[in-house]
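Encoded as structure tokens, the structure appears first; notes follow it.
The values are calculated or read from the model by the stated rules, or taken from the named source; none is laboratory data. Computed from a predicted model, the values in this text were never measured in an experiment. Virtual Cβ from ideal backbone geometry, glycine too; neighbours counted across all protein chains shown. Protein only, heavy atoms only, side chains kept; ligands, DNA and RNA dropped before computing areas. Shrake-Rupley method; radii C 1.70, N 1.55, O 1.52, S 1.80 Å.
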Amino acid sequence: MSDDDSAGDRTVRDVVESVFDVVAAAAPEIRRALPGRRVESGTDNPSGETVMAADVYADELLADRLAAVDDVGEFASEERESVADVGTGLAVAIDPLDGSSNLQSNNAMGTVVGVYDASLPASGRDLVGAGYVLYGPITTMVVATADGVREEVVEATTAPGEGGENAGGTVTRSVVEESIELPADPTVYGFGGRVPDWPPDFESYAREIESELKLRYGGAMVGDVNQVLTYGGVFAYPALQSAPNGKLRLQFEANPIAYVLEQAGGAGSDGERDLLDVEPDGLHQRVPLHVGSERLIDRLEDALA
Ligand code: AHG
Ligand code: MN
Ligand code: MN
Ligand code: MN
């Protein structure tokens, strides 16, 4: 399906907007479900990580609703082993709750969404839309399409019906930034992992950046990336000596976030090439992630060369 193609009489843009309509409407329900789901679910996900009850709730809520969107043909989630065939059309890949370990400390978390015009696992160049919800002091949603990057404030306007937290409600969405451009002068940085576990080349790059910018690391990629998008700078979860492919997943985290940053005038790299050019070779493949102001990503690639 290309930009002007239509499945039925809907364009790619229509389908991408329908996906983000669903994600926005689910945001207050996910937020309302968090307080009662701060415990481990007792299972691990395909990446071998502990799944919280909140991860399960967000995954199941979004899976049901996104699979039902007209002209969505595939659905995949960080929490699910394989791709679900849900009809014909675009492919949606989600990280239903990013930074769920922040539940314990009540820090920001998010939901990440990538809409690919190709079968999963796919290249980031097949993305036709991507974005994220940030569950911070307020709930915001960033949506990137070929037209640019916008930020919305999402508010629940009607409390759930008699059905309690699962009864849903309606939301009010107000666009607060029409087309986000990364600020020319970078201000903040945040790097995951531990210093002793960083490869030496990354450590020397990090030392330079630390002497120039302000540290902002909240432990959830979405929150840390949103600070970079707001103030300019760089966020990285780099290759580690203990994990040469880093921690973050290409399909559910790196591709969507790199798409947002590129559409906002920034860049994303795995250390050698654009993240969006990384060859997909598995639904849950991990990739070193570095995103932010283009000149800082260029310096990173020089440092790791
Ligand atoms: P998720 O909760 O979806 O598994 O993602 C967690 C990721 C990402 O949000 C964050 O950047 C990173 O884990 C933080 O890792 P550390 O706890 O090792 O800093
Ligand atoms: Mn996880
Ligand atoms: Mn995540
Ligand atoms: Mn997650």
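Numbers below:
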quantity	calculated
Hey, Asn226 under 13 Å from the mean Cα position of the chain (by Cα), away from ligand 2 (no atom under 16 Å from the Cβ), in contact (Cβ under 8 Å) with a residue 60 or more places away in the chain and closer than 19 Å to Asn102 by Cβ or not	yes
Output for segment 110-129, where each listed residue is within 14 Å of ligand 3 (Cβ to nearest atom) and out of contact with any Leu (no Cβ under 6 Å at 6 or more places or on another chain)	Thr111, Val112, Val113
Residues of segment 220-260 that turn out to be closer than 22 Å to Leu182 by Cβ, open to solvent by 10 Å² or more (accessible area, probe 1.4 Å) and among the small types (Gly, Ala, Ser), as a count	1
Considering residues of segment 129-143 that are in contact with a strand residue (DSSP E or B) (Cβ under 9 Å, 6 or more places away or on another chain) and surrounded by fewer than 24 Cβ atoms within 10 Å (Cβ to Cβ) only, the residue nearest to Phe252 (Cα to Cα)	Met141
Failed condition for Ile94, given (1) more than 16 Å from ligand 2 (Cβ to nearest atom); (2) under 21 Å from Arg249 (Cβ atoms); (3) surrounded by 17 or more Cβ atoms within 10 Å (Cβ to Cβ)	(1)
Residue check, Ser101 in a loop (DSSP other than H, G, I, E, B) and either within 14 Å of ligand 1 (Cβ to nearest atom) or in the same structural domain as Asn226 (by the TED database) (or both)	no
Selection from segment 31-82 of residues that are touching a strand residue (DSSP E or B) at 6+ places or on another chain (Cβ under 8 Å), open to solvent by 50 Å² or more (accessible area, probe 1.4 Å) and either farther than 26 Å from Asn107 by Cβ or not assigned by the TED database to the domain that holds Leu134 (or both)	Asp70, Ser82
Residue in segment 195-215 that is more than 24 Å from Pro46 (Cα to Cα), of a type in the set (Ser, Thr, Tyr) and part of a loop (DSSP other than H, G, I, E, B) present	no
For Gly87: the one exception among (1) open to solvent by less than 20 Å² (accessible area, probe 1.4 Å); (2) on the phi > 0 side of the Ramachandran plot	(1)
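Yes/no per residue for (1) surrounded by fewer than 18 Cβ atoms within 10 Å (Cβ to Cβ); (2) in contact with an Asp or Glu (Cβ under 9 Å, 6 or more places away or on another chain); (3) modelled with pLDDT of 95 or more:
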{"residue": "Val149", "(1), (2), (3)": "no, yes, yes"}
{"residue": "Thr157", "(1), (2), (3)": "yes, no, no"}
{"residue": "Gly161", "(1), (2), (3)": "yes, no, no"}
{"residue": "Gly164", "(1), (2), (3)": "yes, no, no"}
{"residue": "Val176", "(1), (2), (3)": "yes, yes, yes"}
{"residue": "Ser179", "(1), (2), (3)": "yes, yes, yes"}
{"residue": "Asp185", "(1), (2), (3)": "yes, no, yes"}
{"residue": "Asp201", "(1), (2), (3)": "yes, no, yes"}
{"residue": "Ser204", "(1), (2), (3)": "yes, no, yes"}
